[in-house]
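A.B. asks: Have a look at this one before I ask anything.
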Number of protein chains: 4
Amino acid sequence: MHKPLNIGMIGYGFMGRAHSNAYKQVSQFFNLAYRPVLKAACARDAGKIKAFADNWGYESTETDWRKLVERKDIDAIDICVPNNLHCEIALAAAANGKMILCEKPLAMNGPEGQKMVDAVEKAKVPNMVWYNYRRVPAVTLAKKLIDEGRLGKIFHYRAKFLQDWTISADLPQGGQGLWRLDIAAAGAGVSGDLLAHCIDTALWLNGDMASINAMTETFVKERKHNLTGKVEKVGIDDACIFMGRFKNGSLANFESTRYARGHKALYTFEINGEKASIAWDLHDLHRLQYFDHRDDSKVRGWRSIHVTDNGGDHPYMDKWWVPGLQIGYEHSFTHQVADFLEGLATGNPAMPDFRDALRTQYVLDAILGSAQDSKWAEVKQV
Amino acid sequence: MHKPLNIGMIGYGFMGRAHSNAYKQVSQFFNLAYRPVLKAACARDAGKIKAFADNWGYESTETDWRKLVERKDIDAIDICVPNNLHCEIALAAAANGKMILCEKPLAMNGPEGQKMVDAVEKAKVPNMVWYNYRRVPAVTLAKKLIDEGRLGKIFHYRAKFLQDWTISADLPQGGQGLWRLDIAAAGAGVSGDLLAHCIDTALWLNGDMASINAMTETFVKERKHNLTGKVEKVGIDDACIFMGRFKNGSLANFESTRYARGHKALYTFEINGEKASIAWDLHDLHRLQYFDHRDDSKVRGWRSIHVTDNGGDHPYMDKWWVPGLQIGYEHSFTHQVADFLEGLATGNPAMPDFRDALRTQYVLDAILGSAQDSKWAEVKQV
Amino acid sequence: MHKPLNIGMIGYGFMGRAHSNAYKQVSQFFNLAYRPVLKAACARDAGKIKAFADNWGYESTETDWRKLVERKDIDAIDICVPNNLHCEIALAAAANGKMILCEKPLAMNGPEGQKMVDAVEKAKVPNMVWYNYRRVPAVTLAKKLIDEGRLGKIFHYRAKFLQDWTISADLPQGGQGLWRLDIAAAGAGVSGDLLAHCIDTALWLNGDMASINAMTETFVKERKHNLTGKVEKVGIDDACIFMGRFKNGSLANFESTRYARGHKALYTFEINGEKASIAWDLHDLHRLQYFDHRDDSKVRGWRSIHVTDNGGDHPYMDKWWVPGLQIGYEHSFTHQVADFLEGLATGNPAMPDFRDALRTQYVLDAILGSAQDSKWAEVKQV
Amino acid sequence: MHKPLNIGMIGYGFMGRAHSNAYKQVSQFFNLAYRPVLKAACARDAGKIKAFADNWGYESTETDWRKLVERKDIDAIDICVPNNLHCEIALAAAANGKMILCEKPLAMNGPEGQKMVDAVEKAKVPNMVWYNYRRVPAVTLAKKLIDEGRLGKIFHYRAKFLQDWTISADLPQGGQGLWRLDIAAAGAGVSGDLLAHCIDTALWLNGDMASINAMTETFVKERKHNLTGKVEKVGIDDACIFMGRFKNGSLANFESTRYARGHKALYTFEINGEKASIAWDLHDLHRLQYFDHRDDSKVRGWRSIHVTDNGGDHPYMDKWWVPGLQIGYEHSFTHQVADFLEGLATGNPAMPDFRDALRTQYVLDAILGSAQDSKWAEVKQV
């Protein structure tokens, strides 16, 4: 009664694990027409991909992604490799008629992303980008509250993504686990890695951005490169701040850094509307902060909503445990798979697809352009 | 146009300062018929009381409280001396027709307190006990919410008062600043000192207690005594826990200790009702936590109410600054003076008066009796 | 290279799901000699257990647990049925040489639990009780800190488990999902259900309890019974408070209720030691609060430890994601399975086994006895 | 033994009250050579200033500030009037040899501020600007921690000041209580009013700023003007965001608005250094958040420091109550008076004096210039 969806996974790192876990877990908690089948895993290192496949129960392995995307028994390609490989793989997968689930950011830049959009739209293959934070129940709830009009006119959107793991100047760049510090592989630093998440959520919750003004900084100018063995210039942005305007007239204040001592993955956002405000924080992802000015003034205050009510009110939570028992980071991926599979069944695709994710790419282009030119930049609209 | 109220202060310690500050500050922030005048300060040590009087602007000093209570130019006696002196002074003050403002706890025990009640009622003098926490705006707001029926039937009342300043076994007992550790001066340990506050608030917010079951502990059995210079047995309770039943059927869980590392003055209470709950915490005294089950379930959560709205909704706050700007501990005394003076003017006395405070005394008697007998005790009703 | 461990699951409710999820997930995140195999699931209702088995991938089903415990292809029996069935099943499983993983509480009371201990020890079968909260990383970290002596002499242990789901008098008792309200099936109310968790953690962290003094309350006296269709007396305790003494001299203050409006699963504990204190809260289970008096006084404060550091310092977290990314409730079960499997391999059994869990049973007996007799009760030691 | 310091107060609004309270309270809590004497209060409205003087105990009144600054019996002029009057009064006061305590911001702009600096320096009169937040104990503690080198190299400084009181389009501009919305009286909107505080603290804690890039927004374009009775264009900035660089290489991210629903006076700052980070929040002003990377990683976390330790470690707190008992907003002014008086006695003037406060003025000029020109601006150095 359940239809299999054969997954071909490319990559075996952090995201490879997170997605695999989601594929395995989703079918027990969500009652869906499709069930993912871990058909094949692919990476250049035969030994490593074999170990990965054994661990997760992938039925087979490949060492050449070109072979994988040509396999008849694969329905969907999951791209979990560094950013500079997304486009080529996606184009080939689309050409072979495969569905594509691509890690974020979609591409190295807007034009490259546009090519990917063109490819999947031409091939008419279902496609999705793993901006997983939309599926944290508290964030999904925020979307619902906004769509219900509870906030009224929006004045401010503020987001930050703060980490502290690259402060040491002894940390090298490049290679397994550190490709995010290598400009050639990553295309950008915290902007593409962290701000991309903040932007995706913001565009979803608050609509398109019109213009932005950004600055970037690279605190550690040189690091040993793992691929060359030499000390090389660091090409990525270590920190990025930008301000701007959304098309709805609200102001944007965004910041990201890997030099904020004490913060590990502090993605936060806050939205201030005429009638109500919302705030969220990845370090306590199961909570949503909500202030409603319409409350009786005597008892008005920020509400700390423990987004664990399984009575149907809190998104996704009827699938899990009982009220008060929190889920974690990994479940955002499980939810995204569930929505993707649901979209296949209903024909109402889960977002963000490539086109939707392209919007974030153009904001990133505007950020890097603005920072380079030290002036305001218009955001190219999709 | 303002009537003077001549204050005769006995004592110059922590409470002597807190009350003096309140007398000085109240008239600038509250528009009242009466204005306190710092007429005389009294203590056995002539030099110390002179310095105190000079600092605070008391017009004169006395070294014998008997003389003070007989002075014609004194309207009200403020008793800020150790507990074992409250009764004798109060009786003399009442006999001389003085109003009395007595530090808490009212007395060493219930029967002594009853004598004090009889004295002030016979003399028909205004009287009040300094259970100041009723006048923290967040606590006063809690009272309002309860009186409005927002909580519905009450199931639970929980209170704690946790400190950590007597953990060191090297701390002596007795004398200036340490009389609270001396059973002869204090009459009890944390029960009379800290739980008395918790009980006063509870009786005010939740009505009388019916029965209780208590345990006490003295962790450090002997301490050097400052008055004798010898190591002597410690007579006070270092910690006290009790459970019990209020007359309205709700359950009580109370605890106090001076051995809770990390807590300086953590007086907390929480009340769980059928429809709503309330929680408060002295370490952030300007906030009230409120949960209302009638809220739309999607956005239901504990509200953190910043009790600083000067629009008239938050008790006392229209007298101070602007929304968002917190007041502190000392202002609870200022409010209590204001209410006392208001009560003089209106004839509607500020609570707790001696009779009201006697209720707490009988709960304390039940606690110590229960702990000694290791069994349930009924609370004598006033 | 991995040895299969064939699981026979009895039950398909909340815990049946939680354990099944753990069995499925553990092998991908922990590299262990044994791998659980979902061999058979058992329940009286053939249709329901078939659906459950299909969903989770159990290879077969049974409708009679007696058949299951006799099957040769089953290595371990997991008991996820109401408390009144634990003993009989465990005795049969032990007699058949099966390992046993039993949901908490172990038994209906101490003597019944003793029979179960005798049975598994006689049969020499590995056995464990699902007190899962020991395996929340923050709680495991608390244990480490205590074992390192960071707290010094302990003065206070405080725990609460507060819920609010039974406030409505319209809620019936008995049957699927509501057997916890039925005295015949549950044996006790919040004491056996919720306090059992608090007690297990406490005995683990702070050693045995010596004596206790308890009170219980049943707020709603009668409820419709789902099994009889009639309104019947409620036999369980809706709320339970107890105070007591641990054998190490520290004082206990415990409370549990299902009438604390606003709290869904608020299990909290706090331990105050001479040098440091620890606090934890199930509603933010990925955090541990820690206060260390040895810190430089200028910067001394409660530390909010985000227990997500995968560098090896935070228990279990090296198996999951990257720092800052929280896991949830369900992972406590995954960790418990991992430790059970590790114990099988090393011969150093994971705790609590039946004997260890029997200690909690005797504390529960003392609680209910004390509450009934309204007096102090000694705790029977194991 | 105490020397009187005769105060001439100009203004009677929010700040007139706050300063008066500080003058009255300081001498009882701080043992200083000088004691403020409330000599005269001045405002154009004779009735209002008489009532103000009566309430606070000012000995006399004036209706023309020119007369006040010429009075021989006045030692110090306190300027608590709208920004557009600061300069003229200060110049006259300096010319008459008066000490000056001026409300913030110092001036309408940098050049005007420079004139004021020149005047007081030429006249050699003690002078100070009321940037009171430096004297919140938690903020002063932050300064101490930074000066001790605990944070190491600074990477980020982030500050916000969020309010929500002008969201309603019905609110008029201009006149008593609303001059802050009138560009003629205020000179700027949230930048001069709120960001000025953030900037003063930042320059104090983190040194000078080099360059900034700002944007401003006026959400409500027209408001009724109280002085003209007509609907007029709103000239102030309702919101202002800027990013920039400090001279020490750290990045700045600042924001202020009066359109952040749910925030009353949420002034927050956070500083991220190589070794440690600090955060503070005006809504809980008695707490400082501190993260020290040098802590043992197992127990590393953000510390919530309750800055109420009277043992001498926490700035100013030895003057007040006992540990755990918080002070409030008003005490920052009391501390500033104390420091000013101490500075008079020691000859080591309390900061910020006019010259120090001029630095903030030039940052404000750069902000408004940058926002107008939509480009980066260099900050003029003092």
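A.B. asks: With springs only between Cα atoms under 10 Å, which of B:227, B:91, B:195 fluctuates most in a Gaussian network model of chain B?
C.D. replies: Maximum among the listed residues: B:227.
A.B. asks: Kindly report the accessible area of the protein assembly as shown per residue (heavy atoms of protein chains, probe 1.4 Å, no ligands, DNA or RNA), in Å².
C.D. replies: 32
A.B. asks: Working from the alpha-carbon coordinates of segment B:76-180, get Rg over Rh, Rh being the Kirkwood radius.
C.D. replies: 1.07
A.B. asks: Note down the accessible area of residue A:87, probe 1.4 Å, to the nearest 10 Å².
C.D. replies: Around 10 Å² of this residue is reachable by solvent.
A.B. asks: I've got another one for you. What does the average come to when, for each residue of peptide B:253-259, you count the partner chain Cβ atoms lying within 10 Å of its Cβ?
C.D. replies: 5
A.B. asks: Hey, another quick one. Out of D:366, D:335, D:350, whose Cα points farthest toward the positive end of the dipole of segment D:250-382 (charges: +1 Lys, Arg; -1 Asp, Glu; placed on Cβ)?
C.D. replies: Ranked along the dipole, the leading option is D:366.
A.B. asks: While we're here: Quick one: Cα centre-to-centre distance for segment D:321-343 and segment D:68-130, in angstrom?
C.D. replies: The distance from the Cα centre of segment D:321-343 to that of segment D:68-130 comes to 24 Å.
A.B. asks: How would segment A:141-235 be classified by its alpha-carbon gyration tensor: rounded, prolate or oblate, with rounded meaning a/c under 1.5 and the a/b versus b/c comparison settling the rest?
C.D. replies: prolate
A.B. asks: Helix-only estimate, please: 222 nm mean residue ellipticity of chain C, summing -39500 (n - 2.57) across DSSP H runs of length 4 or more and dividing by its residues, to the nearest 500.
C.D. replies: After summing the helix terms and dividing by residue count, I get -9500 deg cm²/dmol.
A.B. asks: Would you work out the charge dipole size for segment C:256-295 about its Cα centre, treating the Cβ of every Lys and Arg as +1 and the Cβ of every Asp and Glu as -1, and quote it to the nearest 20 debye?
C.D. replies: 280
A.B. asks: Ignore the peptide's own chain and count Cβ atoms of other chains within 10 Å of each Cβ in C:23-36; give me the average, rounded.
C.D. replies: Taking the mean over all residues of the peptide, I get 2.
A.B. asks: Still on this structure, please answer the following. Past 31 Å, Cα to Cα, is the threshold; run A:48/A:160; C:39/C:233; A:264/C:264 against it and keep the listed order.
C.D. replies: Going by Cα-Cα distance, A:48/A:160; C:39/C:233 fall outside the 31 Å limit.
A.B. asks: How large is the dipole of segment D:68-135 about the Cα centre if only Lys and Arg carry +1 and Asp and Glu carry -1, each at its Cβ, rounded to the nearest 20 debye?
C.D. replies: 200
A.B. asks: Work out the mean other chain Cβ neighbour count within 10 Å for the residues of D:49-61 and drop it here as an integer.
C.D. replies: 1
A.B. asks: A follow-up question, please. Which shape class applies to segment A:184-318: rounded if a/c is under 1.5, otherwise prolate when a/b exceeds b/c and oblate if not, where a ≥ b ≥ c are the square roots of the Cα gyration tensor eigenvalues?
C.D. replies: Since a/c reaches 1.5 and a/b is larger than b/c, the shape of segment A:184-318 is classed as prolate.
A.B. asks: Still on this structure, I have one more. Give the shape of the protein assembly as shown as rounded, prolate or oblate, defined through the alpha-carbon gyration tensor: a ≥ b ≥ c are the square roots of its eigenvalues, a/c under 1.5 means rounded, and otherwise the shape is prolate if a/b is larger than b/c and oblate if not.
C.D. replies: In terms of gyration-tensor shape, oblate.
A.B. asks: Shifting gears a bit: Report the one residue of B:201, B:240, B:299 whose Cα lies farthest in the direction of the positive end of the charge dipole of segment B:169-327 (charges on C-beta: Lys and Arg +1, Asp and Glu -1; origin at the Cα centre).
C.D. replies: After comparing all options, I get B:240.
A.B. asks: Related question: Can you pull the percent of the protein assembly as shown's accessible area that's carbon plus sulfur, 1.4 Å probe, other chains left in place?
C.D. replies: That fraction is 49 percent.
A.B. asks: If you don't mind, another one. Quick one: ranking C:59, A:103, D:121 by accessible area, 1.4 Å probe, largest first, what do you get?
C.D. replies: C:59, D:121, A:103
A.B. asks: Take chain D, drop everything but the C-alpha atoms, weight them equally and run the Debye formula without solvent; then report log10 I(q)/I(0) at 0.11, 0.15 Å⁻¹ to two decimals.
C.D. replies: At q = 0.11, 0.15 Å⁻¹ the computed log10 ratios are -0.80, -1.47.
A.B. asks: Return the single residue from D:310, D:206, D:132 with maximal mean-square fluctuation; model: Gaussian network over chain D, springs between Cα atoms under 10 Å.
C.D. replies: Taking springs between Cα atoms under 10 Å, the residue moving most is D:310.
A.B. asks: Could you give the longest part of chain B that holds none of the trypsin sites (Lys or Arg not before Pro) found in DSSP loops with at most 16 neighbouring Cβ atoms within 10 Å?
C.D. replies: B:295-379
A.B. asks: Once Lys and Arg get +1 and Asp and Glu get -1 on their Cβ, which of A:43, A:27, A:90 lies farthest toward the positive end of the dipole of segment A:2-100?
C.D. replies: Going by the Cα projections, it comes out as A:27.
A.B. asks: Chain pair A, B: how much accessible area is buried, both chains summed, with a 1.4 Å probe, in Å² to 100?
C.D. replies: 1700
A.B. asks: Could you size up the charge dipole of segment D:153-204 around its Cα centre, putting +1 on the beta carbon of Lys and Arg and -1 on that of Asp and Glu, and report it in debye to the nearest 20?
C.D. replies: My answer is approximately 340 debye.
A.B. asks: Have a look at C:338, C:93, C:276 and tell me which one the Gaussian network model of chain C (Cα, springs below 10 Å) gives the largest fluctuation.
C.D. replies: Looking only at C:338, C:93, C:276, the biggest GNM fluctuation is shown by C:276.
The values are calculated or read from the model by the stated rules, or taken from the named source; none is laboratory data. Values in this document were obtained by computation on a predicted structure and should not be read as measured data. Don't worry about glycine lacking a Cβ; one is built from the backbone with ideal geometry, like all the others, and counts go over all protein chains shown. We work out accessible area using only protein heavy atoms, side chains counted, and drop any ligands, DNA or RNA first. Shrake-Rupley method; radii C 1.70, N 1.55, O 1.52, S 1.80 Å.
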